[in-house]
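What follows is one structure encoded as C-alpha cells, with my remarks underneath.
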C-alpha cells in the first residue's frame, strides 16, 4: 500500500511518513497493515487461519464504523472497512475525489462508479463531511432520517439553516424538546427519535476521546534511569497467560509476571488487564546484562 501511495519515495521515507501518521491518526494508518502483523496474540498461528482472518476483519469493521470516517480525507484502505464498501469501490471514491475535488454532500456518493442505492444506504451514516452543504452530513444521522431531524428542529422553532448558522443557540433550544410528546404526535419509534435528537443536541463524539491517552515518556530512556523500588506508570502492550508486557519507556517492554499482578491469586491476566490500559507499577528487578526489567503491582 505504501509503494502504491508513494511510488517515487525511498522505503525509509515511506516508513517515516507512516510513523508520523500513526501519531496523527493511528486508526487510519494501522488499518493498512494486516492485523496479524500488529501482533494479536501468541497462539495466532495455531488456530484456523480463515476464521482468524474473518474475526479480525469483523473487529476492524466494527471499530471503523463506530468511530466514523471523514469522507474527504480517508484513504481507500480505511474506506474499504466501512459497511457496504468493497476495495474496488473504496478506490473509486478516492479517484472521484481526485477528479472532482472534495465531497460537498453525502448524496454525491451516488455519482461514484459502482455505488447504487442499496450500497449508499449501508454506508452513508458512517461517512461524515465537515463543512459540507448540509450540516447533518457531519452527524451520525442517516440521510433517510434527515426529514425527522428537520421536524425535531421545527418543533423547537428553528430551521435547518438556523441550526447550521448558530449551533450553540440551537442546542440550547433543543433542551426544551420532549421525545415522548413528539413520538405521540408523529408515530415514530422511540430509539430512532432518541438517536437523532442526541446527534442534534451534542457534538459528534469520537468514542476514542474517552480512552486513556498513551504515555509518551522522555524521562526513562535506558536502564541507567531505573532502580529497584521505583514507582512508574506504564502502558499494557501485550497480555499473555503468564503475565503482561508493559511499556515503561525503554526499547524493550518490561515483564509483569502473573504472580506480581495482585496480592490475590489470579488465574488469567486477561481478567484484570487489557492492551492499551495505563497502570501503576513498581520496578522489582533489573537484569542489566540481558537488558530485562521485571515489575510488580504488589504494595501499590
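Modelled label positions at residue 277 and residue 6, each set 7 Å beyond Cα in the direction of Cβ, lie 3.6 nm from each other.
On the beta carbon distance between residue 27 and residue 184, with R0 = 41 Å, the FRET formula returns roughly 0.50.
Multiplying the residue separation of residue 122 and residue 43 by 0.36 nm and subtracting their alpha-carbon distance yields 25.0 nm. Once the chain from residue 13 to residue 105 is taken as fully extended at 0.36 nm per residue, the excess over their C-alpha distance is 29.6 nm. The ranking of 278, 261 from fewest to most other beta carbons within 10 Å of each one's beta carbon is 278, 261. From the square roots a ≥ b ≥ c of the eigenvalues of the alpha-carbon gyration tensor of the range 223-296, which class results: rounded (a/c under 1.5), prolate (a/b over b/c), or oblate? Prolate, since a/c reaches 1.5 and a/b exceeds b/c.
Run the numbers for residue 198 and residue 130: contour at 0.36 nm per residue of separation, minus the present Cα-Cα distance, in nm. Numbers along the way, then the final one.
Values: separation 68, 0.36 × 68 = 24.48 nm, distance 1.84 nm.
Length difference between fully extended and current span is 22.6 nm.
Shape class for the range 105-188: oblate, because the ratio a/c of the largest to smallest gyration tensor axis (alpha-carbon atoms, square roots of eigenvalues) is 1.5 or more and b/c is at least a/b. Pairing the Cα long axis of helix 190-201 with the longest principal axis of the chain, what angle in degrees results, from 0 to 90 and rounded to the nearest 10? Its long axis makes an angle of about 80 degrees. Each part reduced to its alpha carbon centroid, the range 1-59 and the range 128-192 end up 38 Å apart.
Computed from Cα atoms, the angle from the helix 146-155 axis to the main principal axis of the chain rounds to 70 degrees.
Compared with the dominant Cα axis of the chain, that is its longest principal axis, helix 49-67 is turned about 60°. Given R0 = 51 Å, the distance between the Cβ atoms of residue 50 and residue 168 translates into a calculated FRET efficiency of 0.50. Assuming a ≥ b ≥ c are the square roots of the Cα gyration tensor eigenvalues, decide whether the range 1-73 counts as rounded (a/c under 1.5), prolate (otherwise, with a/b larger than b/c) or oblate. Oblate, since a/c reaches 1.5 and b/c is not below a/b.
Values in this text are rule-based calculations from the coordinates and carry no lab data. Being a predicted model, the structure only gives us computed values, none of them experimental. Glycine also receives a Cβ, built like all others from the backbone with ideal geometry; neighbour counts cover every protein chain displayed.
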